[in-house]
Structures are given as C-alpha cells and as structure tokens.
Amino acid sequence: MELARIEILLEDYFEGNTNLQQEAILREYFTGKNVASHLTVYQSLFVGLDFAKEEVSQRELNLPASSGISRNWRYRIAASVAVVIGIAGFIFSGSNFTQEEQEALLAFNKTKETMLLLSSTFNIGTEKLVILDQFTVTKNKIFKIIINQ
C-alpha cells in the first residue's frame, strides 16, 4: 500500500498538485534506503534537492538604494499627459462640421429615408407578385387538365 501511495504522490508531484507535507513524504522516502527498484531513477532528483536546500551563497549582493520613485517617472508623466491630451481632443472635437458638410449630411439622411421607403414599398409589391405567380401555376394546371381530356 505504501508503494502505491508513493507512486500516486510522485505522479501528483510532477503534475504540481502536491502540498508541502506530501513533498516531505516523498523526500523522506527517496532519501531513505528502501527505494523500489523501478523508482530509483527519481532518487537522485530528491537527493539533489535535499543537497540544494543546504546550499548558501557566499556572494555579496548589493542592491541599489531605492528612493521609492523609479527612474522612469518622466516617461510615466509624459505618457499620462499624452493620454489626457488624446482624450481631451476626442471629447472637444465634437461635430464641428462646416455649413456645406451639414447640408450634405442632411441630404444624405433624406436620401437614406427615401430609399428605405422605396425598399419597403418594393417588398410589398414583390409579395403580391408571389400570389400572382401562384395563380399562374394553378391556371396552367387547369389548362393541362382541360387539354388532356
């Protein structure tokens, strides 16, 4: 049962689904002497991780003093100003059309209205043609019956 549990934990470990306690169980099993023969390939991984845990860097790390404001503050301010100018330009541009453009827009809207009215009238007319077409089909059937008798 223990070996089956270790195999399940190992599968979960490689999928990233284990917690710290389960990883400790795996580390304890693989650093011990009673590792199953088909699992010995993973033993070096856990032994290496155990050694890596004990490593300490001797290199001195010097971090630059941070003043709380990054060096790129100028770029951030410039970008903010550009965004504000863009938004203001969009808002205040409005619809400042010349008299000629306004008249053209009015004529366009009137033409559009007229075309929609014409289209709806045309659609009504085509509906009536469908009825006429049905009448023609029925008339032809009647004539065929009369001629064949």
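Go through segment 81-145 and name the chymotrypsin sites (Phe, Trp or Tyr not before Pro) that are in a DSSP coil and have 15 or fewer other Cβ atoms within 10 Å of their Cβ. In loop regions of segment 81-145 (DSSP not H, G, I, E or B), the sparsely surrounded chymotrypsin sites (Phe, Trp or Tyr not before Pro) are Phe97. Treat segment 2-54 as a sphere of radius equal to its Kirkwood radius over Cα pairs and apply Stokes-Einstein at 4 °C in a medium of 1.567 mPa s; give the translational diffusion coefficient in µm²/s, rounded to a whole number. Estimated diffusion coefficient is 116 µm²/s. Remark on the chain: Rg and Dmax equal 42.0, 115 Å (Cα only). Here segment 80-131 and segment 1-50 have alpha carbon centers that stand 70 Å from each other. Taking the C-alpha atoms only, the angle from helix 73-93 to the longest principal axis of the chain is near 10 degrees.
Against the chain, whose longest principal axis is taken from its Cα atoms, helix 2-15 shows a tilt of about 50°. Restricting the GluC sites (Glu not before Pro) of segment 1-110 to loop positions (DSSP other than H, G, I, E, B) with no more than 12 neighbouring Cβ atoms within 10 Å leaves Glu55, Glu60. From helices alone, the chain scores -25500 deg cm²/dmol at 222 nm; the rule is -39500 (n - 2.57) for each run of n ≥ 4 DSSP H residues, then divide by the residue total.
Across Asn62, Asn109, Asn34, mean-square fluctuation computed from a Gaussian network of the chain (C-alpha pairs under 10 Å connected) peaks at Asn34.
Readers should treat all values here as calculations from the given coordinates under stated rules, not as data from a laboratory. These numbers come from a predicted model, not from an experiment. With ideal geometry, Cβ positions are generated from the backbone for all residues, glycine too; neighbour counts draw on all protein chains shown.
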